[in-house]
Amino acid sequence: MTAESSTGKALPEPTPITRPYWDALKAHELQLQHCEACGQYTFYPRLRCEHCGKDALKWTPVSGRGTLHSYIINHVAPPGWEQDVPYVVAVVKLEEGPRMLSNLRGVPPDPELLKLDMPLQVAFVPRGDMVLTVFEPLQLKGSQA
Ligand SMILES: [Zn+2]
């Protein structure tokens, strides 16, 4: 069972484990679980640290910066996405280490313009009563580029 927003796009359904992640996004903050035992970050949300297996994960705000690790250009729209294709589905390598699947905006879906390792930053997109993430090229402060 998946909820639907007014756009017809499917929405994720928070679980007890993932709810802190979604609640932080509503406050326009990206949070990851940080392990107080081994010091590493983990994503997606889980009960135990993926690195050391300890039950010592604590939700922590992170930078929201990362780099483009990999991507596909999707031309086949799932229900609700007919107006959006083609669009970029990216694997973003976060500054803190974990990789996150997200959409890109602010870059045309053109392999000539999608440079691997390009710096990205998170942005927040309201949908229904939730907030989702997208990533866009990092805007350096003071730069008009
Ligand atoms: Zn750990």
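The values are calculated or read from the model by the stated rules, or taken from the named source; none is laboratory data. Nothing here was measured: the structure is a model prediction, and the numbers come from that model. Because the Cβ atoms are built from the backbone with ideal geometry, glycine has one as well, and the counts that use them run over all protein chains shown. Please note that ligands, DNA and RNA were not included when accessible areas were found on the heavy atoms of the full protein model with its side chains. Shrake-Rupley method; radii C 1.70, N 1.55, O 1.52, S 1.80 Å.
At-a-glance table
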| read-out | value |
| --- | --- |
| Stokes-Einstein D (µm²/s) once Rh is taken as the Kirkwood radius of the chain over alpha-carbon pairs, at 4 °C in 1.567 mPa s | 79 |
| Segment HIS28-ASP84, extension gain: residue separation times 0.36 nm, minus the distance between their alpha carbons | 17.8 nm |
| Under DSSP loop assignment and at most 10 Cβ neighbours within 10 Å, longest GluC sites (Glu not before Pro)-free interval of the chain | 1-81 |
| Accessible surface of THR15 - all protein chains present, 1.4 Å probe, nearest 10 Å² | 60 |
| Computed helical MRE - 222 nm, the chain, DSSP H runs ≥ 4 contributing -39500 (n - 2.57), nearest 500 | -1500 deg cm²/dmol |
| Charge-dipole axis of the chain as Lys and Arg at +1 and Asp and Glu at -1 on Cβ define it, positive-most pick from TYR21, VAL85, GLY8 | TYR21 |
| Normalised contact order of the chain, rounded percent, pairs of Cα under 8 Å and 6 or more residues apart | 21 |
| Within a Gaussian network of the chain (alpha carbon springs, distance under 10 Å), most fluctuating of GLN40, GLN121, GLN31 | GLN40 |
| Residues whose placed amide H lies under 5 Å from that of LEU132, excluding near-sequence neighbours | VAL125, ARG127 |
| GLU136 paired with LEU113, simple spin-label distance in nm, labels 7 Å along Cα-to-beta-carbon | 1.3 |
| Net charge, ARG105 excluded, C-beta distance under 12 Å - Lys, Arg +1, Asp, Glu -1 | -2 |
| Accessible carbon and sulfur surface of the stretch 77-145 relative to its total accessible area, %, 1.4 Å | 55 |
| Largest-first principal axis extents, alpha carbons of the stretch 14-86, Å | 45, 25, 21 |
